[in-house]
1. Using the number of other C-beta atoms within 10 angstrom as an exposure proxy, rank 55, 43 with the fewest first.
2. Calculate the spin-label point distance for residue 83 paired with residue 37, positioning each point 7 Å from the Cα along the beta-carbon direction, and give it in nanometres.
Amino acid sequence: MTTESKRELSPQLKKDLEALQTLRDEVRVRAHLGSMEVKRRWSEIEPHLEQLLQSAKTLGDASVTAVREALERLREIRQALKD
């Protein structure tokens with residue numbers, strides 16, 4: 001893969017990043033209103049999300065696994081907020 005093609009994100013990675021950003025925003029609001037446990041979990045994951053979102057833009061397809069793992073963790077936190 002050339003340097004130029006690494007800079008262009010795959011359509012799936014773009015979609016996953018958009019989903020990650022949407023979930024991040026939703027969980028951020030819910031965590032603010034949630035229990036201390038949820039706030040603690042959010043404070044642990046939020047810095048990693050920001051770093052992941054920035055690095056995914058430069059890493060390209062190598063970031064797909066990391067983005068999907070972050071999506072799964074955020075979905076778990078969102079579910080915990082609903083329960």
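What follows is calculated from the coordinates using simple rules that are stated; it is not laboratory data. Everything quoted here is computed from the prediction, not taken from an experiment. With ideal geometry, Cβ positions are generated from the backbone for all residues, glycine too; neighbour counts draw on all protein chains shown.
1. By the 10 Å Cβ count, ascending: 43, 55.
2. For residue 37 paired with residue 83, the spin-label model returns 0.8 nm.
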